[in-house]
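Student: Mind looking over this structure? Questions follow.
The values are calculated or read from the model by the stated rules, or taken from the named source; none is laboratory data. This is a predicted model, so every value here is computed, not measured. When we count neighbours, we look across all protein chains shown, and the Cβ atoms used for this are built from the backbone with ideal geometry, even at glycine.
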Protein chains: 2
Amino acid sequence: MHLYRRVQVAAWSALVCLWASAAVAQALPSWNESPAKQAILKFVAEVTTPGSPHLVPVEQRVAVFDNDGTLWAEQPLYIQIVFMLEQVRAAAPSHPEWKDNPAFKALIGHDMKALAALGMKPVLQLLGTANSGMTTVDYDESIRTWLATAKDPRFKVPYTQLVYVPMQELLAYLRSNGFKTFIVSGGSIEFMRPWAEQAYGIPPEQVIGTITDVAFSLQDGQPVLTRQPNIDFLNDGPGKPVGIYRAIGRQPIFAFGNSDGDLQMLQWTQSGKGARFMGLVHHTDAQREWSYDRESKIGTLDKALDAASVNGWTVVDMKNDWHKVFAFQ
Amino acid sequence: MHLYRRVQVAAWSALVCLWASAAVAQALPSWNESPAKQAILKFVAEVTTPGSPHLVPVEQRVAVFDNDGTLWAEQPLYIQIVFMLEQVRAAAPSHPEWKDNPAFKALIGHDMKALAALGMKPVLQLLGTANSGMTTVDYDESIRTWLATAKDPRFKVPYTQLVYVPMQELLAYLRSNGFKTFIVSGGSIEFMRPWAEQAYGIPPEQVIGTITDVAFSLQDGQPVLTRQPNIDFLNDGPGKPVGIYRAIGRQPIFAFGNSDGDLQMLQWTQSGKGARFMGLVHHTDAQREWSYDRESKIGTLDKALDAASVNGWTVVDMKNDWHKVFAFQ
């Protein structure tokens, strides 16, 4: 009887192992069997397996992801800037004072180099002025309309199809292991929320981004929120840990980025106690996507790449680690 | 056979009805059978019953609650101000310039009337200065320590026991019906997050409140967030719909407040399309809690009470509608 039970237990354990390996083999199907994939699976097993010394309670399983260049493409120019270009161009006749504005000149002149060097803030300020007084409902509508019609010139698909399949799988895999997934992006909350739920399974309330002021008022007795010209909070670089603190109030245990704008978010994630995962997407695939890092003005990956090497962060080599990049390919 | 099946179906339907009424009867046990309770149950049934013309998809079931005076007591002074008083008093020797500051004089002199008249902003600014440079970890610790030891002078219990049992039940009832519950308070995020999960079942990332600036830096190579002297966002009055827009990005379908500081949040909730529920807690119970409304400096309920009457919002009469107020009574 004793022996029989021991055999039973052994058989059951073997079955569990088999089942578990099968489940793991099925996880992240668009990822090649690489050190990056192994690091992700190992971390998730460590923090979720009952009895593990690194087990993390479900409510503390907070995972944060940059958006541009981490979850979807950002070359040759952040997609939000392409949208803004149209908005700003439409508003230009009412703003003759813009003619000497460097961000305006770069936008209108399609001077990608100057735009990238200026960074997001002056462009966001320009858009803030362009859209000032617009209701949040109208602004949301203008974004949805643009996303439904505009197409990427290189890939000839709507921009929302430029999301990375392996990262969609990673988001779903984390959630199936009890993680709550957040976007923490330098882009505007308004530009991500209309499609993040469908593309990533991330609801609007888990999208953290740059915030332009809006003001409440009654118009003909109806409450409206109207856009104001100033940026209230720039959620980039050192602003990312601050944005996380404001909106989540817990330190993430898992963070993924792709550029120096994510450096502080990864440092902040690493500084917590217990097991942590920090990852970077390295764009190495000029054929299927783009290839860039230290020298690129958009999505510069320089200091963060050095930090990854020093701190043992996981660096995804897009060309070799991803079996598939976009769903349409 | 046909008849038999019809009898079967009828019996099953009757069973479902019986079960449903039993479930409803069990819901909100600390609420008396009043119009307020009926309005809540009716609304929840309308937006959650499959086939209902007012059915709302789960992801849109957003419910927002003010905190002070709606979920826990706020008299004779907001509990956060009691805490701040000690923090400011401790910092006073380093700030001789405060001696002419009206908020400081009111705090130190226990001048409740002057404090209430000044509102939260100057007091928060004083605290901002007092705590400037403190790390967020140390500040969190100071709040937890205070909450674990301080007691309410009237009820002789820790402040966190001053939460209303009927509202705890309401929060749980909404969540069991697929709602996501948020706090939207004029108080600071830091003061609510350490205990909101245990008291209300609301995790830190669903606590929206007033935001004091924090800054990211490396101290001896370790990332820290340190408190800055300025308030970045005051989440009160017209700030509440703005805070909801920033942090949630969806219009709530259910909102509960208790004072004029919640008026715009309730207006904003009402202005959405489809079924909506707006509620106010009316403090009418001097014996078990407090009795106050239009004339009170803390939690003034004047314009919002008029708006409730005009718009048909649900007003909870604490004395008559709540069978129980605090768990310790």
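Student: Pick from region A:303-329 the residues that are under 19 Å from the mean Cα position of the chain (by Cα) and either of a type in the set (Gly, Ala, Ser) or in a strand (DSSP E or B) (or both): which of them is nearest to A:Glu33 (Cα to Cα)?
Tutor: Here the answer is A:Trp322.
Student: Residue by residue through region A:264-281, note down the ones that are more than 14 Å from every other protein chain (Cβ to nearest Cβ), closer than 14 Å to A:Ala308 by Cβ and in contact with a helix residue (DSSP H, G or I) (Cβ under 7 Å, 6 or more places away or on another chain). Walk me through how you get there before you give the answer.
Tutor: Going residue by residue through region A:264-281, those that are more than 14 Å from every other protein chain (Cβ to nearest Cβ) are A:274-275, A:277, A:279-281.
This time we only want the ones that are closer than 14 Å to A:Ala308 by Cβ, so: A:277, A:279-281.
If the condition is that a residue be more than 14 Å from every other protein chain (Cβ to nearest Cβ), closer than 14 Å to A:Ala308 by Cβ and in contact with a helix residue (DSSP H, G or I) (Cβ under 7 Å, 6 or more places away or on another chain), then A:Phe277, A:Leu280, A:Val281 are the ones that fit.
Student: Wholly within region B:75-167, which helices (runs of 4 or more DSSP H) include no fewer than the required count, namely at least 1 residues that are among the charged types (D, E, K, R) and crowded, with 16+ Cβ neighbours inside 10 Å? Show your work before the answer.
Tutor: Numbers: elements: B:79-91, B:102-108, B:112-118, B:120-131, B:136-149.
Passing ranges, in order: B:136-149.
Student: Restricting region B:255-302 to residues that are under 14 Å from the mean Cα position of the chain (by Cα) and farther than 16 Å from B:Glu74 by Cα, which is surrounded by the fewest Cβ atoms within 10 Å (Cβ to Cβ)?
Tutor: Among residues in region B:255-302 that are under 14 Å from the mean Cα position of the chain (by Cα) and farther than 16 Å from B:Glu74 by Cα, the one surrounded by the fewest Cβ atoms within 10 Å (Cβ to Cβ) is B:Leu263.
Student: Report, by residue number, each residue of region A:101-156 that is modelled with pLDDT of 95 or more, acidic (Asp, Glu) and under 15 Å from A:Leu77 (Cβ atoms).
Tutor: Answer for region A:101-156, where residues must be modelled with pLDDT of 95 or more, acidic (Asp, Glu) and under 15 Å from A:Leu77 (Cβ atoms): just A:Asp152.
Student: As an exercise: evaluate B:Gly133 against (1) away from chain A (no Cβ under 14 Å); (2) free of Cβ contacts under 8 Å to residues at least 60 places away in the same chain; (3) on the phi > 0 side of the Ramachandran plot and give the number of the one condition it does not meet.
Tutor: Evaluating B:Gly133 over (1) away from chain A (no Cβ under 14 Å); (2) free of Cβ contacts under 8 Å to residues at least 60 places away in the same chain; (3) on the phi > 0 side of the Ramachandran plot leaves (2) as the failure.
Student: While we're on this one: What about A:Gly261, is it under 24 Å from A:Gly119 (Cα atoms) and either out of contact with any helix residue (DSSP H, G or I) (no Cβ under 9 Å at 6 or more places or on another chain) or away from every other protein chain (no Cβ under 11 Å) (or both)? Break it down into steps so the answer makes sense when it comes.
Tutor: Details: under 24 Å from A:Gly119 (Cα atoms): yes; either out of contact with any helix residue (DSSP H, G or I) (no Cβ under 9 Å at 6 or more places or on another chain) or away from every other protein chain (no Cβ under 11 Å) (or both): yes.
Yes.
Student: Name every residue in region B:193-229 that is part of a strand (DSSP E or B), touching a helix residue (DSSP H, G or I) at 6+ places or on another chain (Cβ under 6 Å), more than 7 Å from every other protein chain (Cβ to nearest Cβ) and not β-branched (Val, Ile, Thr), in order of residue number.
Tutor: The answer is B:Gly209, B:Arg227, B:Pro229.
Student: When region A:175-192 is examined, which residues are found to be assigned to a helix (DSSP H, G or I) and either within 10 Å of another protein chain (Cβ to nearest Cβ) or surrounded by 23 or more Cβ atoms within 10 Å (Cβ to Cβ) (or both)? Before the answer, list the steps.
Tutor: Filtering region A:175-192 for residues assigned to a helix (DSSP H, G or I) gives A:175-176, A:189-192.
Listed by number, the residues that qualify are A:Ile189, A:Glu190, A:Phe191, A:Met192.
Student: Give me the pairs: first residue in region A:19-43 and surrounded by 11 or more Cβ atoms within 10 Å (Cβ to Cβ), second residue modelled with pLDDT of 95 or more and among the basic types (Lys, Arg), beta-carbon distance under 6 Å, and six or more apart or on different chains, which are they?
Tutor: A:Leu28/A:Lys37; A:Ser30/A:Lys324; A:Trp31/A:Lys37
Student: Something else about it: Restricting attention to region B:232-242, report how many residues are buried (at least 19 other Cβ atoms within 10 Å of the Cβ), touching a strand residue (DSSP E or B) at 6+ places or on another chain (Cβ under 6 Å) and at the interface with chain A (Cβ under 10 Å from one of its Cβ atoms). If you could, list the steps in order and put the result at the bottom.
Tutor: In the first step, residues of region B:232-242 are kept if they are buried (at least 19 other Cβ atoms within 10 Å of the Cβ); the result is B:233-236, B:238-242.
With touching a strand residue (DSSP E or B) at 6+ places or on another chain (Cβ under 6 Å) added as a condition, the list becomes B:233-236, B:238, B:240-242.
The next check asks that each one be at the interface with chain A (Cβ under 10 Å from one of its Cβ atoms); those that pass are B:233, B:238, B:240-242.
Residues in region B:232-242 being buried (at least 19 other Cβ atoms within 10 Å of the Cβ), touching a strand residue (DSSP E or B) at 6+ places or on another chain (Cβ under 6 Å) and at the interface with chain A (Cβ under 10 Å from one of its Cβ atoms): 5 in total.
Student: Kindly indicate whether B:Ala172 is under 19 Å from the mean Cα position of the chain (by Cα) and either crowded, with 16+ Cβ neighbours inside 10 Å or away from every other protein chain (no Cβ under 14 Å) (or both). Talk me through it step by step, then tell me what you get.
Tutor: Details: under 19 Å from the mean Cα position of the chain (by Cα): yes; either crowded, with 16+ Cβ neighbours inside 10 Å or away from every other protein chain (no Cβ under 14 Å) (or both): yes.
Here the answer is yes, as B:Ala172 does meet what is asked.
Student: Here are the criteria: (1) within 27 Å of A:Val47 (Cβ to Cβ); (2) touching a helix residue (DSSP H, G or I) at 6+ places or on another chain (Cβ under 7 Å); (3) surrounded by fewer than 17 Cβ atoms within 10 Å (Cβ to Cβ). Tell me which single one A:Ser309 does not satisfy.
Tutor: So A:Ser309 meets the others, but not (2).
Student: Out of curiosity, is A:Arg246 away from chain B (no Cβ under 11 Å), over 24 Å from A:Lys297 (Cβ atoms) and over 16 Å from the mean Cα position of the chain (by Cα)?
Tutor: Numbers: away from chain B (no Cβ under 11 Å): no; over 24 Å from A:Lys297 (Cβ atoms): yes; over 16 Å from the mean Cα position of the chain (by Cα): yes.
For A:Arg246, the condition - away from chain B (no Cβ under 11 Å), over 24 Å from A:Lys297 (Cβ atoms) and over 16 Å from the mean Cα position of the chain (by Cα) - is not met.
Student: Here's a follow-up. With (1) touching an Asp or Glu at 6+ places or on another chain (Cβ under 7 Å); (2) at pLDDT 95 or above as the list, and B:Leu263 as the residue in question, which single condition is left unmet?
Tutor: All conditions pass for B:Leu263, except number (1).
Student: Please go through (1) within 30 Å of A:Glu141 (Cα to Cα); (2) of a type in the set (Gly, Ala, Ser); (3) crowded, with 19+ Cβ neighbours inside 10 Å for A:Ala327 and return the number of the only condition it doesn't satisfy.
Tutor: Failed condition: (3).
Student: Sticking with this one: Looking at B:Ala196, is it touching a residue at least 12 places away in the same chain (Cβ under 8 Å) and surrounded by fewer than 22 Cβ atoms within 10 Å (Cβ to Cβ)? Step through it out loud before you land on a result.
Tutor: Details: touching a residue at least 12 places away in the same chain (Cβ under 8 Å): yes; surrounded by fewer than 22 Cβ atoms within 10 Å (Cβ to Cβ): no.
So B:Ala196 does not fit the description; no.
Student: Taking region B:258-276 as the region of interest, how many residues are hydroxyl-bearing (Ser, Thr, Tyr) and free of Cβ contacts under 8 Å to residues at least 60 places away in the same chain? Spell out the reasoning first.
Tutor: As a first pass, look at region B:258-276 and keep what is hydroxyl-bearing (Ser, Thr, Tyr): B:259, B:269, B:271.
Within this subset, residues satisfying the condition of being free of Cβ contacts under 8 Å to residues at least 60 places away in the same chain are B:271.
So the count comes out to 1.
Student: Sort out which residues of region A:277-294 are in contact (Cβ under 8 Å) with a residue 60 or more places away in the chain and either over 24 Å from B:Phe216 (Cα atoms) or in a loop (DSSP other than H, G, I, E, B) (or both), and write them in order of number. Break it down stepwise before answering.
Tutor: Narrowing region A:277-294 to residues in contact (Cβ under 8 Å) with a residue 60 or more places away in the chain: A:277, A:279, A:281, A:283, A:289-290, A:292.
Listed by number, the residues that qualify are A:His283, A:Glu289, A:Trp290, A:Tyr292.
Student: Out of contact with any strand residue (DSSP E or B) (no Cβ under 8 Å at 6 or more places or on another chain) and either within 14 Å of another protein chain (Cβ to nearest Cβ) or in contact (Cβ under 8 Å) with a residue 60 or more places away in the chain (or both) - does that describe any residue in region A:96-114?
Tutor: yes
Student: Among the numbered criteria (1) over 20 Å from B:Ala73 (Cβ atoms); (2) more than 14 Å from chain A (Cβ to nearest Cβ), which one does B:Pro166 miss?
Tutor: Every condition holds for B:Pro166 apart from (1).
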